[in-house]
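The structure appears below as structure tokens.
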Amino acid sequence: MPIFKAPLAGPPAPTTLGGAAEQLRAVLAVSRALTRAEDEDELLRLVTRSACEHLGFGFCLVALREPDGDFHTRATAGSVRGTDPESLRSYVMPGPVFERLTQVAQRLGSVLWVPGDDPVHEESAVAQAIVKTEPTTPWRDWLPASVLLVPLVDPEGEVVGLLNPDDPLDGLLPGPDQAVVLETFAHLATIALEVVRARALERARIHILDAQRRQLEGLLEASAAVKGRLGLDDVLLEIARAMTGAAGFGRAAVYLVGTTTGQLTVRATVGVPAADDARLRSTPVTLADFAALMRPAMRIGRSYLFDHRRFSLPQSLLDVLSVPRDPPGWTDGQWHPLDSLTVPMYGPEGAVLGLISVDEPMDGRFPRREHITALEFFADQCAVAVNQARRHDELRALALTDPLTGLPNRRAFTASLANEVEAARRRGSPLALLFIDLDHFKDVNDSFGHAVGDRVLTTI
């Protein structure tokens with residue numbers, strides 16, 4: 001690989017060894033604040049903000065590698081001229097593009113530099129993935145497509161994320177001494193990330209156990225409802241009740257994918273106004289319609305958190321959703337009526353069985369990662385209950401339906417007649433029973449065979 005190069009012309013880089021030492025002292029001071037961060041989001045915001053304030057960049061983003069192998073932006077700081085902030089806050093670098101850039105990048109230690117005029121930018125996948133930013137102080141080697149990457153490497157040597165500083169305010173490439181500072185800063189950020197995650201795991205161990213206990217109680221109620229007299233709709237209602245009770249949300253809607261249509265239909269709601277409930281139930285949507293609420297950049301674990309500050313919804317989708325009114329006194333950072341959390345339910349083969357959509361958290365805050373993890377565990381149990389309920393309904397239908405005609409059979413007739421007789425007695429009203437016979441049906445069977453007789457029955 002070629003070595004990390006300095007600008008070919010122009011004023012000398014202002015960073016001396018003394019300047020790098022000052023930056024390093026600032027980074028070490030920031031490192032103490034990094035390890036005191038309460039959660040990942042706070043930590044990553046601090047990382048990007050510190051990169052801009054202490055390392056001389058106009059913009060910085062940090063992206064973490066998700067299970068899909070891609071790097072999803074988790075925090076940004078600063079801004080870049082001529083660039084849509086939304087495209088940067090929701091930026092995703094595909095894993096293959098990152099690997100390709102590491103192959104052609106110029107290196108100094110672990111810092112990677114891809115010039116804006118490198119031929120790799122002509123490759124289709126790279127061209128689509130790189131956001132061309134306009135530098136504040138243009139310079140020969142810092143073109144709009146220039147990429148500076150500092151990988152975040154965990155103790156096992158795995159790249160768990162990347163730091164992407166952009167727009168150096170002096171218009172120059174970082175020199176070797178600045179690259180050491182960047183590498184040190186990324187290493188400290190990775191250590192802090194490990195510390196924060198370890199703390200989160202310990203907190204999650206307590207919170208998840210309690211959440212799972214409460215949510216499993218709701219699930220057990222839903223499962224119990226399946227047995228005996230309750231069917232699929234009753235199970236789905238129990239799930240929605242559990243989400244608004246044990247899970248701590250004010251509103252919940254359970255969508256189910258139709259086994260024949262493949263469309264999503266609302267089958268149960270809690271906390272949703274009656275008019276909205278009726279409209280949701282009568283307006284099926286597709287998974288493609290839901291794509292605006294399930295973008296890769298929204299993904300947390302297996303769920304999708306829609307934050308209205310980062311994303312927008314098409315009016316066509318807003319028209320079919322139930323959106324509560326703006327609460328009085330809402331402030332930035334609190335849960336907003338346009339925000340939502342979607343937790344998928346997956347069937348045995350991995351296909352989407354349905355979606356649980358919740359909003360209005362009781363505490364008014366965005367759910368923590370460990371809370372979402374607990375909800376996903378609960379959704380897995382919900383999927384089992386839904387499958388059981390479907391099988392229960394299918395078996396019940398088989399037991400009460402004539403397989404030839406699809407009409408209720410004698411067992412269903414007997415039960416229905418008993419209920420109607422009892423209802424007539426309670427009301428004191430008359431009851432009529434109509435019998436219909438097919439004339440000469442025996443002659444059809446005797447003359448043409450029972451197969452033709454069956455066809456006659458199904459036709460009638």
Revision key, fill the gap. Of those in the stretch 86-114 that are part of a loop (DSSP other than H, G, I, E, B) and touching a Leu at 6+ places or on another chain (Cβ under 7 Å), the residue most open to solvent (accessible area, probe 1.4 Å) is Tyr91
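Residue by residue, here is whether (1) in contact with a Gly (Cβ under 7 Å, 6 or more places away or on another chain); (2) surrounded by 24 or more Cβ atoms within 10 Å (Cβ to Cβ); (3) not in a helix (DSSP H, G or I) holds:
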| residue | (1), (2), (3) |
| --- | --- |
| Met243 | no, yes, no |
| Tyr255 | yes, yes, yes |
| Thr260 | no, no, yes |
| Arg267 | no, no, yes |
| Ala278 | no, no, no |
Check your understanding: Hey, any hits in the stretch 176-187 for a residue that's out of contact with any Pro (no Cβ under 8 Å at 6 or more places or on another chain), surrounded by fewer than 16 Cβ atoms within 10 Å (Cβ to Cβ), of a type in the set (A, V, I, L, M) and not in a strand (DSSP E or B)?
Key -> no
Revision key, fill the gap. Of those in the stretch 285-308 that are within 16 Å of Tyr91 (Cβ to Cβ) and part of a loop (DSSP other than H, G, I, E, B), the residue most open to solvent (accessible area, probe 1.4 Å) is Arg295
**Study point:** Which numbered condition Arg391 misses (of (1) touching a residue at least 60 places away in the same chain (Cβ under 8 Å); (2) open to solvent by 60 Å² or more (accessible area, probe 1.4 Å); (3) outside any loop (DSSP other than H, G, I, E, B); (4) not aromatic (Phe, Trp, Tyr))
**Key:** (1)
Exercise for review: Within the stretch 47-71, track down each residue that is out of contact with any Lys or Arg (no Cβ under 7 Å at 6 or more places or on another chain) and either charged (D, E, K, R) or surrounded by fewer than 20 Cβ atoms within 10 Å (Cβ to Cβ) (or both).
Suggested key: Arg49, Glu53, His54, Gly58, Arg65, Pro67, Asp68, Gly69, Asp70
Point to revise | Number of positions in the stretch 122-146 that are open to solvent by less than 70 Å² (accessible area, probe 1.4 Å) and within 24 Å of Val160 (Cα to Cα) | key: 8
Review point. If we scan the stretch 436-446, do we find a residue that is of a type outside the set (D, E, K, R), open to solvent by 50 Å² or more (accessible area, probe 1.4 Å), free of Cβ contacts under 8 Å to residues at least 12 places away in the same chain and not in a helix (DSSP H, G or I)?
Key: yes
Check your understanding: In this structure, does Leu237 turn out to be closer than 24 Å to Ala274 by Cβ, open to solvent by less than 20 Å² (accessible area, probe 1.4 Å), modelled with pLDDT of 60 or more and of a type outside the set (Gly, Ala, Ser)?
Key -> no
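The values are calculated or read from the model by the stated rules, or taken from the named source; none is laboratory data. Owing to the predicted nature of the structure, the values given are computational and were not obtained by experimental measurement. Reconstructed Cβ throughout: ideal geometry from the backbone, glycine too, with neighbour counts over all protein chains shown. Surface accessibility is based on the protein's heavy atoms, side chains included, excluding ligands, DNA and RNA. Shrake-Rupley method; radii C 1.70, N 1.55, O 1.52, S 1.80 Å.
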